[in-house]
Amino acid sequence: MTRIEVDGAAVDVPEGSSLLTAVREAGIELPSLCYDDRLSPAGSCRTCLVRADGKIAAACITPAASGTRVETATDGLRTLRREAVEVIVSALPPRALATDGRSELAHACESLGIGPETARGAGGRGGDASHPYVHLDRDLCIACGRCVRMCAEVQGTFALTLVGRGADTVVAPGTGGPWAESDCVACGGCVDTCPTGALTEPGPATGLTSASRPSPEPTRTTCGYCGVGCSLDVVTAGGKVTAVLPARDGPVNQGHACVKGRFAHGYLTSPERLTRPLLRRDGRLEPVGWDEALAQVARGLRAAVDAGGPDAVAAISSARATNEENYLVQKFMRVVIGTNNVDNCSRLCHSPSAAGLTASLGLPGGTDTFDDVEKADCLLVVGANPVEAHPVVGARLLGRVLHGAKLVVADPRAVGLALHADVHLRPRPGTNVALFHGLAHVLLAEGLADEEFLRERVVGLPELTELLADYPPQRVADITGVPAADLVAAARLYGRARRPAILYGLGVTEHLHGTDGVRSLTNLAILRGAVGTDRGYGVNPLRGQNNVQGASDMGALPDFLPGYGRVSDPAARSRAEAVWGVPVPGRPGLRIPAMFAAARAGDLRALWVIGEDVCATDPDANRVARALDACPLVVCNELFLSETARHADVVLPVASWLEKDGSFVNFDRRFQRVRPAVSPPGAARSDFDVVHAVAAVMGVDLGCATPADALAECGRVAPVFAGLSHDRLDRESAVPWPCPDPGRPGEATLYAKRFATPDGRAHLAATPYLPPGEQPDDDYPLVLVTGRRWAHYNSGSMTRRGGNLELDPVDFLDLHPDDATRYDVRDGAHVTVESRHGRACLIARVGEQTATGQVFCSFHFPTSGVNRLTSDHADTVTSCPEYKVTAVRVASSS
């Protein structure tokens, strides 16, 4: 710590702090119109002047050296600061100080006694209102550069610049033209940091920034979009959300957000929101009351059990639901129905992560906290595009790279972080296992493995060494298409790093051999001694949906109880039975694909789908729809009349994440609180209340009357969560699991003492490369890869009902110029994409992000029919679909 004197008082600040930090630590506020503590200091506005050891200095750019004596309160200093602000204000129009006192500039003027008459600028420079979420008023821009630095240093998009000279200098998109057509990704950081209101969010939130909170205090909650787990402050008025702001003290996002969490809340008031239950009569869904809908659900469930036994009923729980709701759903199925037929959408994305990480290391979660991963000196990012799918993580990783960390990206497409990589490996889709074995071969061949770690904490090295002999760089190049030299360079960067880290996404898991991919990727961290030690930051999956980790943690799985006790394990069943008071079936239930197969076969007679649009997001969507149509009872909990809801017999209107109480678990295993900011519309209820209501109609009291009670009960069933509670999360913001003791911190970094496998050692996997389920041929010559884009989320049910639709209005098919020429497809043309399974209609977008022979599209617009194309091939261990490899053909349809 550094000690200095501020106006006669001793102040201690961390090494490297500025005088401004010390002054604020002393409780003194100075105007600082060019300063934001998230950004590098500029010292350009001269409004934070102090006297340091007798010399006038800008406090924001002057280091706090030990023993420095600082004065802030003399009349001369006040005059200097006032004059500096007056010079800035004089060039602005009077309305610059008419923002209800909410801008930093208005606050500074008020504190210095500067009135509106000081603002004498003529204005007339115009603005830019082309963007749905960010509006620019050029007359209020003071060219402080904070927005430019925010875009570059925090977001990493570099979309903004300053143009003009002298008094005419103003912020503008770096590409020129309207803001809406720029590279802006609408994170809102520029709005948050703007000190004058030149950049605002249109509508009720105009002028509102995270530095000027309204009164009363907003509601702190956790974002309900991707699995990053950003903390957000939700501002409301009149029972409606007026703004969502990133929490400056958010454990993961640290004052940052993305376009979805920050702005995509328009769906809350969409006229399409379901507000009453719907019941199918004579082939049509008609509004009814809750009593009638619940009675129909209960009759249908009883009829299904009577006709086919408990296993004739199944439920698909939700990664969009809270932990407590997922806990209650699986308890309902096991206690009320008497079956293990419950699953969640992790089956379709990260079930290979759970299986692979458990087999290799012992637990089904990432090994390290993201705060530690961010300290790595080499990042290996595989099968993930966090810049678009997890923007806050992507921005933080890019920031680390820009500060010197090495970056290896393995992804077929040249997007996101790949554009900044030291080495970009572009394997053919479906060849991951061979690629990882090639990297491992180099680690062993060049002596880059940690021999002591392997000797003391690992098993399986002889078997893996024998296997890797068949994967020299040139053979791997032949399989994957990755040049041997690039493979070797990547292995050396990872192998020679002092503290490397691996992050991966669905490009690893969503394959026929996804579990093998996770295990062979984990081999690299084990060989390097980079897991469970201080020599690296392990292996970390980037989770796609907000609570995909938590849904599985809570036991919404056919083969696991809460806390990952196997249903086949008598001890795990005994713990649950002691709490629930009923026997728990010992045979694993149906996975999601098997549920649909059983429905088509007539064996599944009731299916409850909670918050998932399976007709839009599941593979081979035509067969999914046939399964729903064949099932005698389909119940759907939804916000909107989704494609799945259109096939349901009963549709129950439910609350969204901004209307719920509970908790989520993010991608690095942190429990965080979810709090309702507004009430659900009409008669909509939370999923928690709906499950309780159905149980009550069936004559069963599920107990745990509140979400807090449910988490507490879960801790009694699963000792790994015994230290967690809503009270603790309210106090500590975020607590990672394992957390068995309420008096001790959760385990942020795993395996420091031993691995969680039965023998306490890490297990290397000698799994040979096997080809994907589909291969291109003369009839279907292209390989389709599906994934996410930055403006939308999953099936788009929420993000398509608001301004995000202006930013990304259609599903595009990305293809290489060579393929566009070969198949006579023009940029912007309507195209028909066909596979062996179905047909989709998209808009062609020609560019070099994709390699020749490959095409890419998202699945955010169900009407495009993208998941009618994908096959029913699935990971041989977990049944996770092979979304990333589908053979297709393309033809222009216009």
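The values are calculated or read from the model by the stated rules, or taken from the named source; none is laboratory data. None of the values given here were measured: they were computed from a predicted structure. Note that each Cβ is placed from the backbone with ideal geometry, even for glycine, and that neighbours are counted across all protein chains shown.
Could you check segment 409-421 and list, in sequence order, the residues that are surrounded by fewer than 23 Cβ atoms within 10 Å (Cβ to Cβ) and of a type in the set (Val, Ile, Thr)? Within segment 409-421, just Val415 meets the criteria.
Per the listing Ala354, Ala376, Ala384, Ala389, the residue uniquely closer than 24 Å to Asp559 by Cα and in contact (Cβ under 8 Å) with a residue 24 or more places away in the chain is Ala354.
Of the set (1) within 24 Å of Pro862 (Cβ to Cβ); (2) among the aromatic types (Phe, Trp, Tyr); (3) part of a helix (DSSP H, G or I), all apply to Phe688 but (1).
Output the residue which, of all residues in segment 251-284 that are in a helix (DSSP H, G or I) and within 23 Å of the chain's Cα centre (by Cα), is farthest from Trp657 (Cα to Cα).
Taking segment 251-284 and keeping what is in a helix (DSSP H, G or I), we get 259-263, 266-269.
Right, trim to within 23 Å of the chain's Cα centre (by Cα) and you get 259-263, 266-268.
Values: Val259: 16, Lys260: 13, Gly261: 11, Arg262: 14, Phe263: 14, Gly266: 13, Tyr267: 11, Leu268: 10 Å.
Among them, the one singled out is Val259.
The residues in segment 472-505 that are touching a residue at least 40 places away in the same chain (Cβ under 8 Å), surrounded by fewer than 22 Cβ atoms within 10 Å (Cβ to Cβ) and not in a helix (DSSP H, G or I) can be counted, and the count is 3. Is there a residue in segment 764-776 that is without any contact (Cβ under 8 Å) to a residue 60 or more places away in the chain and either not in a loop (DSSP other than H, G, I, E, B) or not assigned by TED's automatic domain parsing to the domain that holds His441 (or both)? No, every residue in segment 764-776 fails to be without any contact (Cβ under 8 Å) to a residue 60 or more places away in the chain and either not in a loop (DSSP other than H, G, I, E, B) or not assigned by TED's automatic domain parsing to the domain that holds His441 (or both). Taking the listed residues Glu510, Glu463, Glu452, the one that is within 20 Å of Thr358 (Cβ to Cβ) and surrounded by fewer than 24 Cβ atoms within 10 Å (Cβ to Cβ) is Glu463, with no other qualifying. Within segment 436-460, the set of residues being part of a loop (DSSP other than H, G, I, E, B), of a type in the set (Asp, Glu) and either touching a residue at least 60 places away in the same chain (Cβ under 8 Å) or in contact with a Phe, Trp or Tyr (Cβ under 8 Å, 6 or more places away or on another chain) (or both) comprises just one member, Asp450. The residue that is nearest to the chain's Cα centre (by Cα), among those in segment 53-97 that are crowded, with 22+ Cβ neighbours inside 10 Å and in a strand (DSSP E or B), is Ala58.
Selection within segment 808-830: residues that are within 12 Å of Val855 (Cα to Cα) and touching a strand residue (DSSP E or B) at 6+ places or on another chain (Cβ under 8 Å). The member of this set that is surrounded by the most Cβ atoms within 10 Å (Cβ to Cβ) is Leu815. Scanning segment 241-266 for residues that are surrounded by fewer than 23 Cβ atoms within 10 Å (Cβ to Cβ), within 22 Å of Ala389 (Cβ to Cβ) and in contact with a Gly (Cβ under 6 Å, 6 or more places away or on another chain) yields one hit, Gly266. Considered as a group, the residues in segment 22-31 that are more than 17 Å from Ala65 (Cβ to Cβ) and in contact (Cβ under 8 Å) with a residue 40 or more places away in the chain include one that is surrounded by the fewest Cβ atoms within 10 Å (Cβ to Cβ), and that residue is Glu29. With the structure loaded, tell me whether Thr878 is of a type in the set (Val, Ile, Thr), under 14 Å from Arg836 (Cα atoms) and part of a loop (DSSP other than H, G, I, E, B) or whether it fails that test. Against the criterion (of a type in the set (Val, Ile, Thr), under 14 Å from Arg836 (Cα atoms) and part of a loop (DSSP other than H, G, I, E, B)), Thr878 does not qualify.
Checked across segment 422-435, the condition of being surrounded by 23 or more Cβ atoms within 10 Å (Cβ to Cβ), touching a residue at least 60 places away in the same chain (Cβ under 8 Å), closer than 16 Å to Pro541 by Cβ and not aromatic (Phe, Trp, Tyr) holds for at least one residue.
Of the residues in segment 86-129, how many are among the hydroxyl-bearing types (Ser, Thr, Tyr) and touching a residue at least 60 places away in the same chain (Cβ under 8 Å)?
Restricting attention to segment 86-129, the residues satisfying the condition of being among the hydroxyl-bearing types (Ser, Thr, Tyr) are 90, 99, 103, 111, 118.
Applying the additional criterion that residues be touching a residue at least 60 places away in the same chain (Cβ under 8 Å) yields 99, 103, 111.
Count: 3.
Quick check on my filter: what residues within segment 621-649 are part of a strand (DSSP E or B) and either farther than 20 Å from Arg320 by Cα or among the polar types (S, T, N, Q) (or both)? Within segment 621-649, Leu633, Asn637 meet the criteria. Residues that are touching a His at 6+ places or on another chain (Cβ under 9 Å) and either in a strand (DSSP E or B) or outside the structural domain of Pro386 (by TED's automatic domain parsing) (or both): does segment 417-426 have at least one? Within segment 417-426, none of the residues are touching a His at 6+ places or on another chain (Cβ under 9 Å) and either in a strand (DSSP E or B) or outside the structural domain of Pro386 (by TED's automatic domain parsing) (or both).
Counting only helices (runs of 4 or more DSSP H) that sit wholly inside segment 285-388, those with at least 2 residues that are outside the structural domain of Val415 (by TED's automatic domain parsing), over 20 Å from the mean Cα position of the chain (by Cα) and farther than 29 Å from Thr870 by Cα are 290-308, 323-331.
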